[in-house]
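Here's the structure, in structure tokens; my notes come after.
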Amino acid sequence: MTRRKGEQHAVIAGVGQSQVGRRIYRDPLDLTVEAALAAIADAGLTRDDIDGVATYPGVMGAVPGFSGVGVTEIQEALRLELNWFAGGPELPGQLGSVVNAVAAVAAGLADHVLCFRTVWEASAAGDRGRASVTMGGGGGSFRASGFMEWTLPFGAPSAANWIGMMAQRHMHEFGTTREQLAQVALNGRANAARNPNAIYRDPMTLDDYLAARMISTPLGLFDCDVPADGSTAVVVSRADRAGDLRRPPVRIEAMGSALRGRPSWDQFDDLTTMALRDAAAMMWSRTDLRADDVDIAELYDGFSFITLCWLEALGFCGKGEGGPFLAAGRPRARGGVLPLNTNGGQLSGGRLHGYGFLHEACLQLWGEAGERQVDEPPETAVAAAGGGPLASCLLLAAP
Amino acid sequence: MADDDAPFRILPAVTPENEHFWTAGAHGELRFLRCKACELWIHPPGPVCPACLGRELAVEAASGRGTVHTFTVNHQAWIPGFDPPYVVAIVELPEQEGLRLTTNIVGIPHDEVRIGLPVEVTFEAHDGVWIPLFRPSGSGPEGTEDTAS
């Protein structure tokens, strides 16, 4: 590889997660502080070491529960002295904020960046007088603009509709079935049984999956992730400060953040892959490793179909072969089975929105995943998040 | 105004840039911007041809025909007054590969909608906005242009 790689100058020093649950009715900033302090302590650092903050999507008051905590809230709560910060929704998916942090560290703008994602969508949809989760609906004089201009008038405000159409197209082109798609949900549920923080831990069968109510064909209830409250944080640090840390850090082999097709859920050239294709291609262009070198895959499952897309985009199987690959139990060319979404993913673990996959990948690489630690000590992991026109992925390596 | 049986629809904010699209139904037409230099159809509208970067764009009517590129039968109640089930689809137009829009498929039972189904535009008028919907080709009232009123 001749491309200059900033990834080698940054590492993941620590991870932390708050209480996770349904309708726990805690202040989202309180959850964020819990996750942030846990990640900083996990790294062996103190609050005074943090000189950068990165987050997604920042404060978005119009969509209750989707966010609520931005850079300034955590800076004020912890009285951080920052050299660099960035938060916002216009990123290549949730982990785009971590990509930002790596870039900032590689550029020498910060030494230790606190990255976080906080959601409280379960409480926001709850019954304690908070506003319902809406996408600007409710009638009156409201008029749709931006991308929603092209979907809201047709009663399609949800990613369930947009992803449902992508899944339908995939089924049409490649013969993918609901039974194949179900394997993402069933795998997640089986793994969640070994994750004490997961929301749905009871066993689920294919019949349970198929019997669940339809949301937006071909996606049923268990194809959709479960809203949760919780905050996840990671600390991205300078690689040459690894000696200051509590334990050897997780290395970042390569990242992908590309968006080469049109930035739209319905105008992208190939709806069966979308930006995942671009992010994955960029990531592999920055490393000599290949998909068969990856020991564990933590792949976004806001909807089951997105995980199937990531499997194809990252090359764990061929384009259009995600369904048969899942049905066959994810066999690897070098033998064995590809571990997938080892904490249950968002379908069963809870919608921590992208950061949960990175958190889990790091725990597995450190050998600290407890009961759900994979048998073979993993050397490499992919953490990928996003769907539609928003996608980024990281190839991580054990210390 | 909309027919009594039309759902409640959240309407688009009409601007000088998109007015040609959202009001063309008054004339029974589906209209888009088109580049005068390279003839690319442009949707959603923008200030420049994204292919040749030409700045001379003109509004032009498409045929109104299309095919279902993909679809979903929505069963979840998202918007009060817009009751499920209903079919959301991406329709591709024959004028140009990739010229698509999200819409609803009407005038056909939900379980008969298929990818590749030939469809034609029809409009639902709401408060100065004409929402382009699609129905199976040839299924409209004989001898009428469309349902705009």
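The values are calculated or read from the model by the stated rules, or taken from the named source; none is laboratory data. If you're wondering where the values come from, they're calculated on a predicted model, not measured in any experiment. Cβ placement follows ideal geometry from the backbone for every residue including glycine, while neighbour counts extend to all protein chains displayed.
Listed values, structure above:
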{"item": "Count - residues of the range A:278-306 that are charged (D, E, K, R) and either under 20 Å from A:Pro89 (Cβ atoms) or within 16 Å of the chain's Cα centre (by Cα) (or both)", "result": "3"}
{"item": "Enumeration of residues in the range A:260-281 that are away from chain B (no Cβ under 14 Å) and either of a type in the set (Asp, Glu) or surrounded by fewer than 20 Cβ atoms within 10 Å (Cβ to Cβ) (or both)", "result": "A:Asp278, A:Ala281"}
{"item": "Count - residues of the range B:50-74 that are crowded, with 20+ Cβ neighbours inside 10 Å and either aromatic (Phe, Trp, Tyr) or within 14 Å of chain A (Cβ to nearest Cβ) (or both)", "result": "8"}
{"item": "Qualifying residues in the range B:98-117 (those that are exposed (fewer than 14 other Cβ atoms within 10 Å of the Cβ) and more than 9 Å from chain A (Cβ to nearest Cβ)) - the one nearest to A:Arg143 (Cα to Cα)", "result": "B:Pro109"}
{"item": "Residue, surrounded by the fewest Cβ atoms within 10 Å (Cβ to Cβ), within the range A:304-323, restricted to residues that are more than 21 Å from A:Leu394 (Cβ to Cβ) and not basic (Lys, Arg)", "result": "A:Gly318"}
{"item": "Exclusive hit being among the β-branched types (Val, Ile, Thr) and in contact with a Ser or Thr (Cβ under 9 Å, 6 or more places away or on another chain), set B:Ile42, B:Ile131", "result": "B:Ile131"}
{"item": "Residue in the range A:51-72 that is among the acidic types (Asp, Glu) and assigned to a helix (DSSP H, G or I) present", "result": "no"}
{"item": "Hits in the range B:75-90 - residues which are in contact with a strand residue (DSSP E or B) (Cβ under 8 Å, 6 or more places away or on another chain), within 7 Å of chain A (Cβ to nearest Cβ) and in contact (Cβ under 8 Å) with a residue 40 or more places away in the chain", "result": "B:Tyr86"}
{"item": "Single residue of A:Gly335, A:Gly329, A:Gly344 found to be over 20 Å from A:Met255 (Cβ atoms) and surrounded by 24 or more Cβ atoms within 10 Å (Cβ to Cβ)", "result": "A:Gly344"}
{"item": "Test set (1) among the basic types (Lys, Arg); (2) crowded, with 18+ Cβ neighbours inside 10 Å; (3) free of Cβ contacts under 8 Å to residues at least 40 places away in the same chain - B:Lys36 fails condition number", "result": "(2)"}
{"item": "2 or more residues in contact (Cβ under 8 Å) with a residue 24 or more places away in the chain, out of contact with any strand residue (DSSP E or B) (no Cβ under 6 Å at 6 or more places or on another chain) and away from chain B (no Cβ under 14 Å): qualifying helices (runs of 4 or more DSSP H) within the range A:140-248", "result": "A:178-192, A:206-211"}
{"item": "Qualifying residue in the range A:26-33 (condition: in a strand (DSSP E or B) and not acidic (Asp, Glu))", "result": "no"}
{"item": "Contacts under 8 angstrom Cβ, first residue in the range A:264-286 being without any contact (Cβ under 8 Å) to a residue 60 or more places away in the chain, partner part of a helix (DSSP H, G or I) and of a type outside the set (A, V, I, L, M, F, W, C), 6 or more apart", "result": "A:Asp270/A:Arg277; A:Thr273/A:Glu312"}
{"item": "Boolean, A:Ala182 is in contact with a Cys (Cβ under 8 Å, 6 or more places away or on another chain), among the hydrophobic types (A, V, I, L, M, F, W, C), at pLDDT 95 or above and within 16 Å of A:Thr307 (Cβ to Cβ)", "result": "no"}
